[in-house]
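The values are calculated or read from the model by the stated rules, or taken from the named source; none is laboratory data. Predicted, not measured: the structure shown is a model, and the values here were computed from it. Cβ atoms come from the backbone with ideal geometry, glycine included; neighbour counts cover every protein chain shown. Surface areas here come from the heavy atoms of the whole protein model, side chains and all, with no ligands, DNA or RNA. Shrake-Rupley method; radii C 1.70, N 1.55, O 1.52, S 1.80 Å.
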Amino acid sequence: MWVSPEDVLLAGALWITERANPYFILQKRKGHGDGGGGLAGLLVGTLDVVLDSSARVAPYRILYQTPDSLVYWIIAHGTSRKEITEHWEWLEHNMLQTLSIFENENDITTFVKGKVQGIIAEYNKNHDVKEDDDTDKFKEASAKFGKMFGMPEEEKLVNYYSCSYWKGKVPRQGWLYLSINHLCFYSYLLGKEVKLVVRWADMTQLEKSHVFSVFLNISETFKLAEQLANIAMRQLLDNKGFEQDRSLPNSPFCLSKDLDARAKSERYRALFRLPKDEKLDGHTDCTLWTPFNKMHILGQMFVSTNYICFTSKEETLCSLIIPLREVSRPVQICHGVQGSLLSSSPQNSVGSEGERTFNLNDSSVPTATQALMTMYRRRSPEEFNPKLAKEFMKEQAWKNHSAEYGQGVCMYRTEKTKELVLKGIPESMRGDLWLLFSGAINEMATHPGYYEDLVEKSMGKYNLATEEIERDLHRSLPEHPAFQNEMGIAALRRVLTAYAFRNPNIGYCQAMNIVTSVLLLYAKEEEAFWLLVALCERMLPDYYNTRVVGALVDQGVFEELAREYVPQLYDCMQDLGVISTISLSWFLTLFLSVMPFESAVVVVDCFFYDGIKVIFQLALSVLHANIDHLLGCKDDGEAMTVLGRYLDSVTNKDSTLPPIPHLHSLLTDNGEPHPEVDIFKLVRSSYEKFGSIRADAIEQMRFKQRLRVIQTIEDTTKRNVVRRSKCWDWTAFSIDELEELYVLFKAEHLTSCYWGGSSNPTERHDPSLPYLEQYRIDVEQFKGLFNLLFPWANGAHSDPLAVRFFRLLDHNGDALINFREFISGLGVLCHGDLIEKLKLFYKMHVLPGESACASMPFSDLVMKIHVTLFFTVKKLNNPDYRDYLKLWNQESKPKLQNTKDLPKLNQSQFIELCKTLYSMFSEDVAEQELYHATATVTSLLLEMGEVGKLFSSASGRKDHNMEGNSERSTCSRDSEDPESTQEAGLDDWAITFEQFLASVLTEQALVHYFEKPVEVAARITNAKNVRKVGRALLSTSDYEISLSG
């Protein structure tokens, strides 16, 4: 590439001159390529790697020098000889003659430098590149990355770092390259080259360790690696991750900044519970004037498209969210510290302008116009009891708080707000405050009418999700009167169905019905829907998909926290296997299924305010309170009974609700009940003992556990594929072979997702399908695997055959094949008998042909066959084919019943079959014998087809003679038309599979070719080695360091 001219004092140091003319010199770096220059070349190569020269200096360069000057100017770099030669030839053709006109050397230098800079400016303009030194260096590093690791242009380099890789006791200094889909390492020390290429999607663990060390900025490197691995895990979990990958900027120089901006936006959204599409524009230090205490609070202000947010430096001191839709006017002030004060008009809550009656199944259903709890609330006999008085005091406390700190979205959230939440939210305010603290109020305000539209679109639609919803409707809080009638059931149905249509990737998952039922008790239908959206998509990510990945991730996080905070109990719980059981049942339903209802809603209060850390804190508190009993348990059943009895005893003495029978899933016995535990004391105790757990620490642990969980799921899928494959009779591959083939098949699928393909990633991967059908590949990916694994592949002639094979395996005609179809085809070629292989070969040509060679005239094919027979150098002995015929007759009678069902080959299909046969043997050791055998077989089949045509014609003439006069006249007219006669003859020409099989069995060379055993393990090893070397449109995964030199 052309570079801005820089002066070079010593042109010969570490460089070898290859070409020169009066003005320009082309040089190659010592130590690069073959004949690396002996010891000097080894030293230069080592210095290039260790001292960053590999990224700054390409192996080829062009220098400019005037005849009388000692100063050289570097004007071009090249990573390959082809690239630098193109630049050199351009200079010779376009510059030398022009330079000879100038008389002044200064004018020549000015002209050359201006011309080169003009070329660079034009390139940057066309490619939207900002010109600076870092851009040039990054372009060189990106080009070197692609060349060293065989990556295509679509694989975008994000950043690269100097580091050491520890292999054994010897560190190898080199460069770590982080691209969108791969982690790569390269080192060259004293002739020893080290390469490491690992897909992010294959990562199972990512930690700061001694494997890579001596980073200048290890924190930056690790954060970027975390981001890239997280994107890869998202892609394995959800095909939409590939769409996110493709939304990255095309310019590689902006990738690192874009990923950093994404990470900041994610933290911003999580901190303030903002919608998923909100992007952070910037943040700055500032002070906030708080009217409730007449003080300036030091903190940070965050600005995005639709919100201005503030959080104090001291955690929990004060935070504020101002939607710009609420801002009336901004006012700039100066009061000691510069900042801005925004006037806003907060609202209590955002609701729909009017209520609507939904029609379900063409019948009018009573619609819940308010929270179900207010409609079905049963008062105790005493209207004014101490509980009601305490509830009234809570309401007054919240009203006073609203008067002092504001209300609605723009409320100042302080430590006092948290104290009120811990004391319990009043029944009448619970729905509004859940909506506020979860951030669902913002999404509802910005999507007016969205829920109603979803309900209308989903009415009368039926799928798997709606069937599961109908099955679980009457299992949702059946003990509560609100769900013992059609109004409550209908509202629950509408909310769950609307969400299933909003997010088909989740659809419906068990436990969603329980949570949604509770939301409907305290919020209107639309509010409950948006609370469910916030819960499933932001606060409990990936909890409610088909594989409950989020719950499994948090189960791993909970195990880490238990090991840290209750170490004396951790080993015991692991041995009993209790943690996995309790975490799923507790976390999925937010304790609603394991605790009395009036107590569990207090947990939900705290959860909406403080997030997932509340659930972890409470779970640890429950374990801590039962340490002595759990240590004495002998099995998991006894431990579950202890915990179940404890949770049953958690009571809410302040609740004004009548007792509701508690139906939980944990086993209990008839022993003495546990003493009552006050829910407010339990929650406060959890904050006191485990309140040090930070949200950012939880996210860090979630990332680590997500790697483990998703890779465990992928390994389970692979084992299930292998197990189910072995259960069928259609595969003779070993378990190890099936595992290796599955890895190669999946890698081909991921490669196409990374670097594009003719179909959408969502179409090629569907986790809802059976294991053998989840991953699918298209014809382009199949070609790559065909050339590597299939024994009929033969160099340049393989692609047409691969296309035919693919179309044969594609049973449903969707232009995709799954692993089962892939294995069935490969299994026939590797382990099938002669008849199975020939049958498959025949069927490939029964399909309508797409090859360009189908246009060969029939007469040319006949001539080619006779020429092959005439010019055969060596006369083959007449093979004893009677044994093959006898074997075929005795052992293949059942298969003949199927072969008779195969359609006949017409003339054009037969030509295709002959062409395929001739192209298959071009690189075989017995090429001459196979050509002669093919000519013999095709000649014999031609004669059979001609004989069959004659019989068909004779039969046709006999039938015509039996027709009336009018038909005889028609036949006579047709006979006068030679083209009609020829076309009729072509239609009558045909051969059957039995004829094809019998002809092939007469030629021993062909029989030996098709019966030749296939070394499956060797082919798989070769395919893996090709992947390790890397080539265009192929991924590389190499967990072992490859050394060469």
Completion exercise
Judged on accessible area alone, 1.4 Å probe, highest first, 1008, 77, 182 line up as 1008, 77, 182
Practice task
Report the accessible area of residue 202, computed with a 1.4 Å probe over the heavy atoms of all protein chains in place, in Å² rounded to the nearest 10.
Solution key: 30 Å²
Exercise for the section: Specify which residue in the list 565, 516, 615 is farthest towards the positive end of the charge dipole of the stretch 507-620, using unit charges on the beta carbon of Lys, Arg (+1) and Asp, Glu (-1), about the Cα centre. Expected result: 516
Handout entry: Per-residue SASA entry for residue 831, accessible area with 1.4 Å probe, Å² rounded to 10
Key = 80 Å²
Problem - Size of electric dipole in the stretch 504-563: Cβ of Lys, Arg +1 and of Asp, Glu -1, about Cα centre, debye, nearest 20 - result: 80 debye
Practice task
Can you find, among 447, 540, 405, the residue farthest towards the positive end of the dipole of the stretch 405-560? Put +1 on the C-beta of Lys and Arg, -1 on that of Asp and Glu.
Solution key: 405
Exercise for the section: With a/c under 1.5 counting as rounded, go ahead and sort the stretch 402-512 into rounded, prolate or oblate using the C-alpha gyration tensor (a ≥ b ≥ c being the square roots of the eigenvalues; past the cut-off, prolate if a/b is larger than b/c, else oblate). Expected result: prolate
Practice task
Show 544, 687 ordered by accessible area, largest first, where the area counts protein heavy atoms only and the probe is 1.4 Å.
Solution key: 687, 544
Practice task
Quick one: of 387/613; 144/1024; 147/195; 839/915; 423/681, which pairs are farther than 19 Å apart, Cα to Cα?
Solution key: 387/613; 144/1024
Practice task
Arrange the residues 226, 193 by how much accessible surface each exposes, largest first, with a 1.4 angstrom probe.
Solution key: 193, 226
Problem - Highest average packing first - 933-940, 314-321, Cβ atoms within 10 Å - result: 933-940, 314-321
